[in-house]
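Report on the following structure.
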Amino acid sequence: MAKLNRRRRDHGGWSGRGALWLTVLVLVLLATGVVMHGNEPMLDATEPAAVPWHRVATVVHGLFAWVFCIVAGRWVWPHVVLVWSRRNGNWIWELGLVTAAVAGIGALTGLGLLYGLADWRDFLAAVHWWVGLAWPAACLAHAWKWIAEGRGPRR
């Protein structure tokens, strides 16, 4: 962390590039998740046109989920290391913990959908869906004060 320049330290370890990549990845994950979730009722024999869209969305969602893990490892862990020592119990810091916990639930349910038992699929899909909708909102709430004050990451 000593290698971070002062501006990046002031932004919790985030760079503009990191915030941009994370935003793009989250938007793609949201869009493909909506396509998968929205097409599920039409996957029976009455709507054969829905099958290719569902398959493409599933592949893209899985690919971007793994890329998301790489990006999160690159920018989230330095953020955690840098701000952990600054913890002061305020609501933004506590919301960061909630955001991290929600992200963990999303990751675990995603892995469960990929590798878990078929009996668990309906439960895991429902939890993963709602977590996938809640997590970006939690991220925005966590960073809202920082964004509203115009202190967002710069290059």
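For the reader, a short list of remarks on this structure follows.
- Once the chain from Arg17 to Ala101 is taken as fully extended at 0.36 nm per residue, the excess over their C-alpha distance is 27.8 nm.
- Annotation for the range 57-98: trypsin sites (Lys or Arg not before Pro) lying in DSSP loop with at most 10 further Cβ atoms inside 10 Å of their Cβ are Arg86.
- Estimated FRET transfer efficiency (Trp84, Trp53; beta-carbon r; R0 30 Å; 0.05): 0.10
- Placing a label point 7 Å from the Cα of Ala141 along the Cα-to-Cβ direction, the residues of the range 67-109 whose backbone N falls under 13 Å from that point are 91-103.
- Computing FRET efficiency as 1/(1 + (r/R0)^6) for Arg74 and Ala118, where r is the C-beta to C-beta distance and R0 is 22 Å, gives about 0.05.
Coordinate-derived values only; no laboratory data. What you see is a predicted model, and the numbers here were worked out from it, not measured in a lab. Note: ideal-geometry Cβ built from the backbone for every residue, glycine included; neighbour counts use all protein chains shown.
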